[in-house]
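The values are calculated or read from the model by the stated rules, or taken from the named source; none is laboratory data. Keep in mind it's a predicted model, so treat the numbers as computed, not measured. Backbone-built Cβ (ideal geometry, glycine too); neighbour counts: all protein chains shown.
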Amino acid sequence: MWDALGWIWHGYEIHGIENIPSGGALLVYYHGALPIDFYYICSHILLYEGRLINPVGDRFLFKIPGWSSLLEAFGVIPGTVQSCATLLRKGNLLAIAPGGVYEAQLGDHNYEVLWRQRLGFAKVAIEAKVPIIPIFTRNIREAFRSFNICQSFWHWLYQKTHLPLVPIYGGFPVKLTTFINTSLNKIYVTDKDITVDIPPDLIFPPYSHHEKPAWSVIKMANRNRRANVPDVDNTIDLVQVDGLVVAKIIKHCHEEGSSAVDVAQGVLLGLVADTRLEVTNCFPFPKNLDENFDEEDYQMEMMRHLRKVNVDHLHVGWYQSTQQGAFLSTQFLESQFTYQTSIEESVVLIYDPLKTKRGFLHLKAYRLTPQAVALYKDNDFGADAIKTQHLSFETLYQEIRLVIHNSHLVNALLCELSEMVPSYEGSQYLDLGTASVLEKHLRSLTDNVDELLQDTNKFNIYQRQVVKQQQEKQKYIQKRNLENTARQARGEAPLPEEDVTKVFKPIPVPPRLEPMVLSAQIAAHCQQVSLFCSQALGKLFLSEALQQPQSSQQQTVLKGSSKATQ
């Protein structure tokens, strides 16, 4: 039952079972607000390895009436050094959370280890001569949380009572992944203290520190996905967007565009079917200037509400509005890289409200190419790294084919509404006022070309400095060789060899990412101008064709009136 619950609700995975030896071993794990991950670990190892884990329980549990017999039935022991060592010598598995109830009650989402010098587990391992296996479950503090407001009061209350009185809330369906590490490398024993060499993964678990607010949404969306493997490229060939999503995006972007906010952003929700990404719902990022506003709590609350009404709540990407087609930037690429390395199938939808007002629905889906992801992963944007990845501005990102999908009932409703709407209501789609759109595109194009020219000049200056430095190096080496030759002719010892790089410090290479982004933006502007002009010319030819019969009819009327006058 526990194994099924973990797989369904948390997409539970466990890695490193092979690190558990066949004999006795001491399992040391991080105690979350509610150790539901430990239940999953025990269930998984019992089902697939046939071994029972004996956990060490807090002493207050055995003082609760009726609990002592129940805990003994499940193999829980109160945990003295001698009893634990005896159990381990028999080849059993023993699990200890050094932080115990104190860590569960007073810990927070920063995953700070609160052991308070509790190193009794090391004494047990030394006494039984068994390895210590550290275990950590990623996102356990995101699934269940303890009430952290008035921390000093709860700390005082626990010191007085030693009872778990801090409220716990949660049950969020975030993805849980347990990592069973290799045994601890070193245990130092002295007369006064025991020092344990703890792996960094135990104290600083992956993706648990200094995360952005949107990460909690990503964690919740990840519950039905496998553990993040950045090297795997999840190919998406088609993005299917529901009409409801398109309407919400248009409404949000136009509302934000009428205010002082330049860019509107939001979260895309949906699911993946083979190589097709279905976007079925969305909600906007909040725009709140209040310093006390918690964006993370807002997003998690939205996810909970959507789940309650049976709406798809898997995070599949984000959307953003753009002005004049200028959306490419280093911040944009970094955001998309974060999404794609966290949720492999993530896409970004770009919506242009200005072109839509002119009768051209502009909604595009983009993803970073595998070469761009590898470049960001290495965090090296030099010329050599770009050349190694075979990356250019044309392969920096890729456009994914997008289709808008509606249910049959919605299509029937649209057909019915089309008969009710007067014909003149659609006249705005024949608007010929394309000059303003083209002007803004060309202005942005000119600005980008100027910026690219400045970066090109910087790179040219760098190349001239490198050539000049190489010439100075050659002169220095030649002068050094001539001086040594003269000293040898005089019977003197030659000067010691000196590292030239210490004399001539390397000139820093200007980063090549920004010029590449500018080149990609210029190419996108040119493509949009070409496409927009072709569509505008189609409207002009249509208006000309409609104008010719009208003008010929007017000429006929004028000729008839002139004859009647004569």
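Quick look at the values:
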| item | result |
| --- | --- |
| Single residue of TYR376, TYR366 found to be buried (at least 19 other Cβ atoms within 10 Å of the Cβ), of a type outside the set (Asp, Glu) and outside any strand (DSSP E or B) | TYR376 |
| Qualifying residue in the range 376-390 (condition: basic (Lys, Arg) and in contact with a Leu (Cβ under 7 Å, 6 or more places away or on another chain)) | no |
| Unmet criterion (only one of (1) free of Cβ contacts under 8 Å to residues at least 40 places away in the same chain; (2) surrounded by 19 or more Cβ atoms within 10 Å (Cβ to Cβ); (3) not in a strand (DSSP E or B)) for ASN310 | (2) |
| Tally of residues being in a helix (DSSP H, G or I) and within 28 Å of GLN398 (Cα to Cα) across the range 478-522 | 10 |
| Residues satisfying the stated conditions in the range 24-34, i.e. buried (at least 20 other Cβ atoms within 10 Å of the Cβ) and either touching a strand residue (DSSP E or B) at 6+ places or on another chain (Cβ under 9 Å) or farther than 19 Å from LYS175 by Cα (or both) | ALA25, LEU26, LEU27, VAL28, TYR29, TYR30, GLY32, ALA33 |
| Test: residue in the range 399-413 that is over 25 Å from LEU363 (Cα atoms) and not in a loop (DSSP other than H, G, I, E, B) | no |
| Filter result (basic (Lys, Arg) and under 20 Å from ALA383 (Cβ atoms)) within the range 469-527 | LYS505, ARG512 |
| Qualifying residues in the range 43-74 (those that are within 15 Å of ILE14 (Cα to Cα) and either basic (Lys, Arg) or in contact with a Gly (Cβ under 9 Å, 6 or more places away or on another chain) (or both)) - the one modelled with the highest pLDDT | SER43 |
| Filter pass, LYS219 being at pLDDT below 50 and either outside any loop (DSSP other than H, G, I, E, B) or assigned by TED's automatic domain parsing to the domain that holds THR322 (or both) | yes |
| Cβ-Cβ under 7 Å pairs, at least 6 apart or on other chains, the range 483-498 side within 17 Å of LYS473 (Cβ to Cβ), far side in a loop (DSSP other than H, G, I, E, B) | GLU483/LEU495; ASN484/PRO494; ASN484/LEU495 |
| Selection count, the range 225-250, where residues are loosely packed, with under 12 Cβ neighbours inside 10 Å and at pLDDT 85 or above | 2 |
